[in-house]
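To start, I am sharing the structure in question, which I have written as structure tokens.
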Amino acid sequence: MTSPLSTVETVRIGASTRSVPSPHGYDTGLLLLRLALGLTMAAHGAQKLFGWFGGPGLDGTGQFFTMSGYPSGRVMAVVAGLSETLGGLGLVAGLLTPLAAAAVVGTMVNALAVKWGGGFFAPKGVEYELLLTAGAATLAVTGPGRYAIDRLLPGLRTHRLRYGVVALVLGVVLAGAVLLVRK
């Protein structure tokens, strides 16, 4: 076996020996994805909730939601801000990762719906939201890796694909329900 930090390990299976990628590389990659995606989403949520990082705060975000056809714009701003902040921080910590990822996916489904008419590319495109959605969905189905709080929780020590799929379905269904009330 090579060192635990190498990218390839040699494994003996029966009579043959083959090289397989090191799980440490996967876990480090998942950690980097969780940090980048989670911190980005938490910052966006803080913009909505508190006006931090140059954001509009609840009043400005509420007005945007109202102009975008959502009822009770300020309530929707709170829901979106909390989903982004708590979902993002959950991803950073690797805590309840499938649900944290589902919160991000649900919020991003609504963001995609609002911006869909702007095409794919910036400045009014959906590529940013699509990338965040794909990253969160990826974490939901792969799990957080071994550098996560989920590894300390009895039911989540070993990630199960079905947890991620069920969480994603829940996030998309709830996002769809919110979209149904949008004018």
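The values are calculated or read from the model by the stated rules, or taken from the named source; none is laboratory data. In this text, all values refer to a predicted model and were calculated from it rather than measured experimentally. Cβ coordinates were reconstructed from backbone atoms using ideal geometry, including for glycine residues, and neighbour counts include every protein chain displayed.
Among the listed residues Gly69, Gly38, Gly60, which satisfies the condition of being buried (at least 17 other Cβ atoms within 10 Å of the Cβ) and either in a helix (DSSP H, G or I) or not basic (Lys, Arg) (or both)? Show your work before the answer.
Numbers: Gly69 fails: buried (at least 17 other Cβ atoms within 10 Å of the Cβ); Gly60 fails: buried (at least 17 other Cβ atoms within 10 Å of the Cβ).
Exactly one residue qualifies, and that residue is Gly38.
Looking at the range 61-69, can you tell me whether even one residue there is closer than 26 Å to Ala136 by Cα, modelled with pLDDT under 90 and among the hydroxyl-bearing types (Ser, Thr, Tyr)? Can you show your working first?
Of the range 61-69, the ones closer than 26 Å to Ala136 by Cα are 61-62, 64-65, 68-69.
Cutting the leftovers down to modelled with pLDDT under 90 gives us none.
For the range 61-69, residues closer than 26 Å to Ala136 by Cα, modelled with pLDDT under 90 and among the hydroxyl-bearing types (Ser, Thr, Tyr): absent.
Check the range 25-34 and report whether any residue there is of a type in the set (Phe, Trp, Tyr) and modelled with pLDDT under 95.
Initial filter on the range 25-34 (of a type in the set (Phe, Trp, Tyr)): 26.
If we keep only those that are modelled with pLDDT under 95 too, we end up with 26.
Checking the range 25-34: at least one residue is of a type in the set (Phe, Trp, Tyr) and modelled with pLDDT under 95.
All but one of (1) crowded, with 19+ Cβ neighbours inside 10 Å; (2) free of Cβ contacts under 8 Å to residues at least 60 places away in the same chain; (3) under 30 Å from Tyr147 (Cβ atoms); (4) small (Gly, Ala, Ser) hold for Ala93; which doesn't?
All conditions pass for Ala93, except number (1).
May I pose another question? Exactly one of these conditions fails for Leu86: (1) closer than 19 Å to Leu139 by Cα; (2) in contact with a Leu (Cβ under 7 Å, 6 or more places away or on another chain). Give me its number.
Of everything listed in (1) closer than 19 Å to Leu139 by Cα; (2) in contact with a Leu (Cβ under 7 Å, 6 or more places away or on another chain), Leu86 misses just condition (2).
With the requirement that a residue be in contact with a Gly (Cβ under 6 Å, 6 or more places away or on another chain) and not in a loop (DSSP other than H, G, I, E, B), what does the range 141-158 give you?
Applying the first criterion (in contact with a Gly (Cβ under 6 Å, 6 or more places away or on another chain)) to the range 141-158 yields 141, 144, 148-150.
If the condition is that a residue be in contact with a Gly (Cβ under 6 Å, 6 or more places away or on another chain) and not in a loop (DSSP other than H, G, I, E, B), then Val141, Ile149, Asp150 are the ones that fit.
Related question: Among what's in the range 123-139 and is over 30 Å from Pro154 (Cα atoms) and touching a helix residue (DSSP H, G or I) at 6+ places or on another chain (Cβ under 7 Å), pick the residue that is surrounded by the most Cβ atoms within 10 Å (Cβ to Cβ).
Narrowing the range 123-139 to residues over 30 Å from Pro154 (Cα atoms): 123-131.
With the extra rule that they be touching a helix residue (DSSP H, G or I) at 6+ places or on another chain (Cβ under 7 Å), the set shrinks to 124-126, 129-130.
Working: Lys124: 10, Gly125: 14, Val126: 21, Glu129: 19, Leu130: 15.
Taking the candidates together, the pick is Val126.
Mind listing whichever residues of the range 150-177 are hydrophobic (A, V, I, L, M, F, W, C), closer than 14 Å to Val105 by Cβ and in contact (Cβ under 8 Å) with a residue 12 or more places away in the chain?
If the condition is that a residue be hydrophobic (A, V, I, L, M, F, W, C), closer than 14 Å to Val105 by Cβ and in contact (Cβ under 8 Å) with a residue 12 or more places away in the chain, then Val165, Val166, Ala167, Leu168, Leu170, Val172, Leu174, Ala175 are the ones that fit.
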